[in-house]
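What follows draws every value from the coordinates through simple rules; no lab data is involved. Because the structure is a prediction, the values reported are computed rather than measured. Here the Cβ is made from the backbone with ideal geometry for all residues, glycine too, and neighbour counts use every protein chain on show.
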Amino acid sequence: MSRANGLHAGDDAMTNPVRNIPYNFAVLRVVPHVHIGSAVPVGVILHAPTAQFVGMRVLAERAALSARAPHVDVELLMRYLMTYRAVCNSEGEGGALAFGSPSERFHWLTAPRSDVIQSGPVHEGVCADVNAELDALFLELVV
């Protein structure tokens, strides 16, 4: 499936209509040394406003995080990522931010910051299934 138009190769849009859902996404990065600016990908956040969807996939295993960012406190990093996940999933552990709209949560999660966890630039695309697209982006850009 092409991320550009949501159609399989050879599909004709007139004979095989596909629900095209526009979305924005950003790669969540760990920046072990903020002053240097080097970053490693640890997750993806996807927002589809027309579907009222915001979702996130992150590396959650200590070993994987430690291998990518060996000089970072992995326990603290995992707590930060779990807070991000709670905000994204509208869970109480995310505090007041977790009760915002999907758009408000996405924009907070992707806002520029100078911290060990940062969002990359926001990109856009179109898909037929937001959960499948989030999984595909995670596999392509993070794993």
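Worth a mention:
- Around the amide H of I21, modelled in the peptide plane, lie the amide H atoms of C127, A128, all under 5 Å away and 5 or more residues distant in sequence or on another chain.
- Residue among G92, G55, G120 with the largest mean-square fluctuation in a Gaussian network model of the chain, springs linking Cα atoms under 10 Å: G92
- On Cα atoms only, tilt of 130-141 relative to the major axis of the chain in degrees: 60 degrees
- Environment charge of A39, counting only residues whose C-beta is closer than 12 Å and scoring Lys/Arg +1, Asp/Glu -1: +1
- Charge dipole (debye, nearest 20) of the chain; +1 at Cβ of Lys and Arg, -1 at Cβ of Asp and Glu: 280 debye
- Considering segment 64-128, its Cα convex hull presents a mean projected area of 5.8 nm².
- Taking the charge dipole of the chain about its Cα centre, with +1 at Lys and Arg Cβ atoms and -1 at Asp and Glu Cβ atoms, the residue from V72, G120, T83 reaching farthest to the positive side is V72.
- Highest-fluctuation residue, I36, I117, I21 considered, GNM on the chain with Cα pairs under 10 Å: I36
- Given the choices (i) 2.24; (ii) 1.22; (iii) 1.12, Cα Rg over 2.2 N^0.38 Å derived from the coordinates of this structure is entry (iii).
- Among R105, R85, R68, residue whose mean-square fluctuation peaks in a GNM of the chain (springs only between Cα atoms under 10 Å): R68
- Helix 74-88 axis, angle to the chain major axis (alpha carbon atoms, nearest 10°): 40 degrees
- Positive-end ranking of V58, A111, H33 along the dipole of segment 19-143, with charges on Cβ about the Cα centre, is headed by H33.
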